[in-house]
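Quick notes on the structure that follows.
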Amino acid sequence: MKNFKQKMIDFDIVGKHKIWYLIPVIVLLTAAIVFSVFAYRGGSAASGMNIGIDFTGGTLITVTLGEGAEGAEYAKNVQILKDILEKHGCELGQDQKSSGSDREKSSIDIRFRNPIDGTETNSEGQTINELVDAIKADIAAAFSTEGDVKDPNDPNFITSTTIGKTASAKLLKSALLASLLSILLILVYIVIRFELWSGVVAVLTMLHDVLIMVALTIIFRIQVNTSFVAAVVTIIAYSINNTIVVFDRIRETTRTYDDKNRIPYADIANKAVANTFTRTLLTSLTTFITVFFLAVLGVATMREFTIPIMFGLIAGMFSCVFLAGSSWALINESLKTRRLKAKQSFKRK
């Protein structure tokens, strides 16, 4: 273990900072290109980001089909539902199976964006509520048999939930406000516990983790709904937790120096990263494995939460090891150089 730590120190992470800064730039540029392409094709920024109905306004319809929501029947029935939506000028955004307490209660959830909103009407003169009722009626007719006529108003067979654009905008505003408030409180906490530049670097690396998480979500076309906001807040907390450990080691070492101008910031940062690397790797890896299995075994809406979390964990480990200590060292080395120049200038006078 000692040999490994020494190799980490000799590797000189701070000295290779230009490489570490280049990697996230490449990821962000790739995301910007992907975003632009899909936004151009879809005609809106929402298409570039692949924003779901929670933020754009849309409808969720749940159809209880029992055995019809299982196995090979699932794909066939999803196609029937897709055809009905297209008949009414709607496009299927997402489908997933929901398992009940027994197979008879298994259902198919379909999500689609509302082509109209509020009191607006479509070419048929229908409001959004009338449009959803017409879709439900066609679904009931499609799955009715001579001995089992489905009722579109039967909650045991079909239910629907519609979110308007106004409600979606309020939801997005609240989500952004919650994220910004958490970042501000974290900055205050870090500044109080450590010092100003540690707080600034901690917030910058946290923003890096969120940006990379968003970038990878865009690149891999993961749909963004309210669960994504929960994933962002989770990564903010997880990211700052890892970074604090590095700064804690840095603080312990810098306390032993009486003169700030004699502190070897780069060496201290390299040693702090080397001493905390095993802890960072193991905590990130164990969390990643758990979330990975949730993504593989979970339903589609679960993956909207778990896959961004996986992206955030990767970004968080990268920033903790390669960016946090390096950025802190570079800032303080720059300040030290300025102090020494000012001191020399003062002596000459």
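The values are calculated or read from the model by the stated rules, or taken from the named source; none is laboratory data. As the structure is a prediction and not an experimental result, all values here were calculated from the model. With ideal geometry, Cβ positions are generated from the backbone for all residues, glycine too; neighbour counts draw on all protein chains shown.
Determine whether region 266-275 contains at least one residue that is in a helix (DSSP H, G or I) and β-branched (Val, Ile, Thr). If you could, list the steps in order and put the result at the bottom.
Looking only at region 266-275, we keep the residues that are in a helix (DSSP H, G or I), and these are 266-275.
With the extra rule that they be β-branched (Val, Ile, Thr), the set shrinks to 268, 273.
Yes, that holds for at least one residue.
Surrounded by fewer than 22 Cβ atoms within 10 Å (Cβ to Cβ), without any contact (Cβ under 8 Å) to a residue 12 or more places away in the chain and of a type in the set (Phe, Trp, Tyr) - does that describe any residue in region 242-259?
Yes, region 242-259 contains a residue that is surrounded by fewer than 22 Cβ atoms within 10 Å (Cβ to Cβ), without any contact (Cβ under 8 Å) to a residue 12 or more places away in the chain and of a type in the set (Phe, Trp, Tyr).
Any residue in region 297-311 that's within 16 Å of residue 98 (Cβ to Cβ): show its pairings with residues that are acidic (Asp, Glu) and modelled with pLDDT of 95 or more at Cβ separation under 9 Å, as long as the two are six or more apart or on different chains.
Note: no pairs meet the criteria.
So, residue 31, is that one surrounded by 15 or more Cβ atoms within 10 Å (Cβ to Cβ), under 23 Å from the mean Cα position of the chain (by Cα), in a helix (DSSP H, G or I) and free of Cβ contacts under 8 Å to residues at least 12 places away in the same chain or not?
Numbers: surrounded by 15 or more Cβ atoms within 10 Å (Cβ to Cβ): yes; under 23 Å from the mean Cα position of the chain (by Cα): yes; in a helix (DSSP H, G or I): yes; free of Cβ contacts under 8 Å to residues at least 12 places away in the same chain: no.
So residue 31 does not fit the description; no.
Going by the structure shown, is residue 238 hydroxyl-bearing (Ser, Thr, Tyr) and in a helix (DSSP H, G or I)?
Working: hydroxyl-bearing (Ser, Thr, Tyr): yes; in a helix (DSSP H, G or I): yes.
Here the answer is yes, as residue 238 does meet what is asked.
Answer with yes or no whether residue 246 is in contact with a Gly (Cβ under 7 Å, 6 or more places away or on another chain), over 21 Å from residue 31 (Cβ atoms) and not aromatic (Phe, Trp, Tyr). Give the derivation first.
Numbers: in contact with a Gly (Cβ under 7 Å, 6 or more places away or on another chain): yes; over 21 Å from residue 31 (Cβ atoms): yes; not aromatic (Phe, Trp, Tyr): yes.
Criteria met by residue 246.
Taking the conditions exactly as written (in contact with a Gly (Cβ under 8 Å, 6 or more places away or on another chain) and either assigned by TED's automatic domain parsing to the domain that holds residue 12 or of a type outside the set (S, T, N, Q) (or both)), does residue 257 satisfy them or not? Reasoning before the result, please.
Working: in contact with a Gly (Cβ under 8 Å, 6 or more places away or on another chain): no; either assigned by TED's automatic domain parsing to the domain that holds residue 12 or of a type outside the set (S, T, N, Q) (or both): yes.
Spelling it out, it is not the case that residue 257 is in contact with a Gly (Cβ under 8 Å, 6 or more places away or on another chain) and either assigned by TED's automatic domain parsing to the domain that holds residue 12 or of a type outside the set (S, T, N, Q) (or both).
What are the pairs, 6+ residues apart or on separate chains, where a residue within region 181-197 that is over 22 Å from residue 335 (Cβ atoms) has its Cβ under 9 Å from a residue that is surrounded by 11 or more Cβ atoms within 10 Å (Cβ to Cβ) and among the small types (Gly, Ala, Ser)?
Within 9 Å, the pairs are 182/237; 186/199; 186/202; 186/237; 189/199.
Taking only region 44-61 into account, find how many residues are under 27 Å from residue 130 (Cβ atoms) and assigned to a helix (DSSP H, G or I).
The initial filter retains those residues of region 44-61 that are under 27 Å from residue 130 (Cβ atoms), namely 44, 46-47, 51-61.
From the residues that got through so far, the ones that are assigned to a helix (DSSP H, G or I) too are 46-47, 53-56.
Going through region 44-61 one residue at a time, the tally reaches 6.
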